[in-house]
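K.L.:
Encoded as structure tokens, here's the structure I'll be asking about.
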Amino acid sequence: MWNWLRLIKDSVSEKTIGQMRMQFWKKAVEDIYCDNPPHQPVAIELWKAVKRHNLTKRWLMKIIDEREKNLDDKAYRNIQELENYAENTQSSLLYLTLEILGIKDLHADHAASHIGKAQGIVTCLRATPYHGSRRRVYLPMDICMLHGVSQEDFLRRKQDKNVRDVIYDIASQAHVHLKHVSLEDYLKKIQQVDFDIFHPSLQQKNTLLPLSLYIQSWRKRY
């Protein structure tokens with residue numbers, strides 16, 4: 001379901017169509033918790049997972065509601081708005097993951113909240129070149145205004161110091177939440193290229209990430 005919701009925004013030409021798809025998933029979740037899932041492969045698998053792991057309905061609905069609000073296609077007004085979006089999507093998904101793993105621990109929930117927020121910020125940064133190619137900019141407006149940077153500066157792929165300062169401030173907020181290896185890897189890379197969000201190296205995947213994750217886990221650094 002996560003992937004379906006994630007792709008809706010970019011796969012529809014009209015907001016109304018996106019809202020209709022979101023409504024389908026809202027009703028699907030309601031029906032799943034009434035033991036009457038729709039005859040749709042993803043919904044049936046989700047119903048099985050809900051039954052098997054007793055998943056909390058609230059986290060699923062938060063993800064859908066936040067994705068639906070995001071159909072408005074507007075930039076985040078401030079960093080807090082971006083963090084709220086990340087909490088209701090990325091963190092909610094992590095809460096569900098903890099439930100699937102059978103982990104009921106306040107410390108784990110607290111970590112999941114921070115990881116989700118940091119992941120959301122990093123995802124916003126990573127996607128900036130892609131969004132720019134589609135004439136869209138979602139970076140927090142308050143930080144852009146603070147440094148005198150307009151959306152047009154990002155659309156033109158400017159690399160002035162004030163543009164890099166915007167990226168620095170946003171990346172620093174991710175650092176505030178946590179240093180998690182898969183996110184820290186990107187944050188280190190962006191620092192190495194002096195916060196040039198359009199640098200080609202930032203578009204390359206880290207093929208050694210799985211090994212790095214394993215090593216960090218073995219060292220119990222999570």
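K.L.:
Within segment 50-90, can you find the residues that are in a loop (DSSP other than H, G, I, E, B) and among the small types (Gly, Ala, Ser)?
P.N.:
Ala75, the sole residue that qualifies.
K.L.:
Just the residues that are assigned to a helix (DSSP H, G or I), over 13 Å from the mean Cα position of the chain (by Cα) and more than 21 Å from Val193 (Cβ to Cβ), please, taken from segment 114-152.
P.N.:
Of everything in segment 114-152, those that are assigned to a helix (DSSP H, G or I), over 13 Å from the mean Cα position of the chain (by Cα) and more than 21 Å from Val193 (Cβ to Cβ) turn out to be Met141, Asp142, Met145, Leu146, Gln151, Glu152.
K.L.:
Return the pairs, sorted by first residue and then second, in which the second residue is part of a helix (DSSP H, G or I) and small (Gly, Ala, Ser), the first residue lies in segment 29-50 and is under 20 Å from Leu93 (Cβ atoms), the beta carbons are less than 6 Å apart, and the residues are 6+ apart or on different chains.
P.N.:
From residues that are under 20 Å from Leu93 (Cβ atoms), the pairs are Pro37/Ala43; Ala43/Ala28.
K.L.:
Tell me which of these Ile63 doesn't satisfy, since it passes every other one: (1) under 23 Å from Arg135 (Cα atoms); (2) open to solvent by less than 30 Å² (accessible area, probe 1.4 Å).
P.N.:
All conditions are met except number (1).
K.L.:
For segment 35-49, what are the residues that are assigned to a helix (DSSP H, G or I) and surrounded by 10 or more Cβ atoms within 10 Å (Cβ to Cβ)?
P.N.:
Val42, Ala43, Ile44, Glu45, Leu46, Trp47, Lys48, Ala49
K.L.:
What are the residues in segment 110-143 that are of a type in the set (A, V, I, L, M, F, W, C) and either touching an Asp or Glu at 6+ places or on another chain (Cβ under 8 Å) or open to solvent by 30 Å² or more (accessible area, probe 1.4 Å) (or both), if any? It would help to see each step written out before you state the result.
P.N.:
Filtering segment 110-143 down to residues of a type in the set (A, V, I, L, M, F, W, C) leaves 111-112, 115, 118, 121-122, 124-125, 127, 137, 139, 141, 143.
Across segment 110-143, the qualifying residues are Ala111, Ile115, Ile121, Met141, Ile143.
K.L.:
Quick one: count up the residues across segment 77-86 that are open to solvent by less than 40 Å² (accessible area, probe 1.4 Å) and either more than 13 Å from the chain's Cα centre (by Cα) or over 23 Å from Gly132 (Cβ atoms) (or both).
P.N.:
Here the count works out to 1.
K.L.:
Could you identify the single residue in Lys27, Lys69, Lys74 that is at pLDDT 95 or above, exposed (fewer than 14 other Cβ atoms within 10 Å of the Cβ) and among the basic types (Lys, Arg)?
P.N.:
After applying the criteria, what remains is Lys27.
The values are calculated or read from the model by the stated rules, or taken from the named source; none is laboratory data. Predicted model only: the values in this text are computed from it and were never measured. All Cβ positions, glycine included, derive from the backbone under ideal geometry; neighbour counts span all protein chains shown. In case anyone asks, the SASA skips ligands and DNA or RNA and just uses the protein heavy atoms, side chains included. Shrake-Rupley method; radii C 1.70, N 1.55, O 1.52, S 1.80 Å.
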